[in-house]
Amino acid sequence: MGIDVGRGWRRWFGRSGPAPLDPSRADLVVVVASFDDAEACSTALARATALIADAPAVLRHHLRVPPGQVEAVCGIAAQAGYAPAPQVGGPGTDIMETVILQRVQVLDALHCSQERSRMAGLAQRHEGTADGWDALQPRPTNGTATEQ
C-alpha cells in the first residue's frame with residue numbers, strides 16, 4: 001500500500017491547477033453564440049475569434065418552456081450538471097418562460113453539438129423550444145474580446 005504524496009501536498013498547500021471557472025464571475029463575456037437552427041456548432045466555433053479553444057467556458061442554452069414545465073426541465077438538466085442562470089429583466093409578453101441553463105465545460109464541436117441536441121430534445125419533450133446557445137469566457141486582460 002503506497003502513499004499518495006501528491007495528494008498530501010495538494011491537501012497541505014491547496015489545489016493543483018487553476019480554480020474552476022465560476023459562472024457568476026463579472027468579467028465573463030460572450031465569445032461565441034448560435035441562435036440559428038441550421039448553423040452547425042463547428043461553424044459557430046470556427047467563426048469565434050475571441051474563444052480560447054482549450055479553456056473552460058460557460059455553455060448556456062436558451063430555452064422557452066411553459067411556466068408549469070420550468071421545474072421539471074431544470075431538474076432533468078441538473079442531472080447533466082446544468083444549473084439555471086440568473087435571469088435579467090422582467091417577464092416578457094410571451095406565454096412561454098425563458099430558461100437559461102448553464103454549465104462549465106471545454107467547448108469543441110462534437111460536445112457542443114451533443115449538448116445542443118440534448119437541450120432541444122429536453123425542451124421539445126416539455127412543450128417548449130430551444131432558441132440557441134452561447135458561451136462565455138473571462139475577458140482577456142488585454143481587452144481584445146468582443147461579443148459575437
Enumerate the pairs (first residue in segment 100-113 and without any contact (Cβ under 8 Å) to a residue 12 or more places away in the chain; second residue anywhere and open to solvent by less than 30 Å² (accessible area, probe 1.4 Å) and not in a helix (DSSP H, G or I)) with beta-carbon separation below 7 Å, excluding pairs fewer than 6 apart on the same chain, so at least 6 apart or on different chains. His111/Gln105
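Of the residues Ser24, Ser42, which is hydroxyl-bearing (Ser, Thr, Tyr) and either assigned to a strand (DSSP E or B) or within 24 Å of Thr98 (Cβ to Cβ) (or both)?
Working: Ser42 fails: either assigned to a strand (DSSP E or B) or within 24 Å of Thr98 (Cβ to Cβ) (or both).
The unique qualifying residue is Ser24.
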Residue ID - surrounded by the fewest Cβ atoms within 10 Å (Cβ to Cβ), chosen from residues in segment 65-80 that are in contact (Cβ under 8 Å) with a residue 40 or more places away in the chain and under 16 Å from the mean Cα position of the chain (by Cα): Ile76
Is it the case that Thr43 is modelled with pLDDT of 95 or more, of a type in the set (Val, Ile, Thr) and open to solvent by 30 Å² or more (accessible area, probe 1.4 Å)? yes
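The values are calculated or read from the model by the stated rules, or taken from the named source; none is laboratory data. Quick caveat, the model's predicted, so the values are computed rather than measured. Cβ: placed from backbone, ideal geometry, glycine included. Neighbour counts: every protein chain shown. For accessibility, only protein heavy atoms count, side chains too; no ligands or nucleic acids. Shrake-Rupley method; radii C 1.70, N 1.55, O 1.52, S 1.80 Å.
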